[in-house]
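A short worksheet on the structure shown next.
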Amino acid sequence: ESANAAIPLDSIEFSVRSRKAFVLMNATTLGELAQKSEAELLGIKNFGQTSLNEVKQKLRRYGLSLNE
């Protein structure tokens, strides 16, 4: 588990739509976000492919990825 997993989501620039999804998922750190799957994210109201791409890109930047 990388040290980046502990980085708070609110310290990273995300779209409002993505942030609302994080609140609904109770995800507060990159590590918690990385434990989610694409299907879980896409199942959240108003969270679509554009938001998913944003999340995947940000996670990659920190050496993390979504759960399969």
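The values are calculated or read from the model by the stated rules, or taken from the named source; none is laboratory data. Nothing here was measured: the structure is a model prediction, and the numbers come from that model. Cβ: placed from backbone, ideal geometry, glycine included. Neighbour counts: every protein chain shown. Side chains included, ligands, DNA and RNA excluded: accessible areas come from the protein's heavy atoms. Shrake-Rupley method; radii C 1.70, N 1.55, O 1.52, S 1.80 Å.
Summary of values
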read-out: Enumerated helices (runs of 4 or more DSSP H) restricted to the range 1-44, each holding at least 3 residues that are without any contact (Cβ under 8 Å) to a residue 40 or more places away in the chain, farther than 17 Å from ARG60 by Cβ and open to solvent by 70 Å² or more (accessible area, probe 1.4 Å); value: 16-25, 38-42
read-out: Extreme residue, least open to solvent (accessible area, probe 1.4 Å), among residues of the range 45-57 that are part of a loop (DSSP other than H, G, I, E, B) and not small (Gly, Ala, Ser); value: PHE47
read-out: Unmet criterion (only one of (1) under 10 Å from the mean Cα position of the chain (by Cα); (2) open to solvent by 80 Å² or more (accessible area, probe 1.4 Å)) for LEU66; value: (2)
read-out: Subset of the range 18-63 (residues that are more than 9 Å from the chain's Cα centre (by Cα), under 18 Å from ASN4 (Cβ atoms) and small (Gly, Ala, Ser)); value: GLY63
